[in-house]
1. Return the aspartates and glutamates within reach of LYS32: Cα separation strictly under 20 angstrom, same-chain partners fewer than 8 residues apart disregarded; answer none if there are no such residues.
2. For the chain, just the Cα set please: Rg and Dmax, both in angstrom.
Amino acid sequence: MIFHSDRGSQYASVAVRNILNQNKIIQSINRKGNCYYNTAAESFFHTLKVELIYTRNYLSREEARTEIFEYIEIFYNRQRRRSTINYYTPVEFEERNIKLVA
């Protein structure tokens, strides 16, 4: 698993690095002065927050985990069309490209 973040001090702290290392998670931080480094991930997380997280009050961490998983796996990847990939869903786009390369 990769944990990507900007260069905020809360993400670059020793405490965060230790937690990530203990859980065998690779840390990825934007390069200084390059706001376009990870625009795809930044765009996805913005969409996730606006369409789901900011619209709910979760009663537990498990409820949040379940709803976020369902949003990503059922809605975002399989139903939500993206203008940046010719209005395909991410799954359709990937399947189409696999066929083109095969």
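Throughout, read-outs are computed from the coordinates displayed, never taken from laboratory work. Source: prediction; values computed, not measured.
1. The reachable aspartates and glutamates, counting only those whose Cα sits under 20 Å from LYS32, are ASP6, GLU42.
2. Computed over the Cα atoms of the chain, radius of gyration and Dmax are 16.4, 46 Å.
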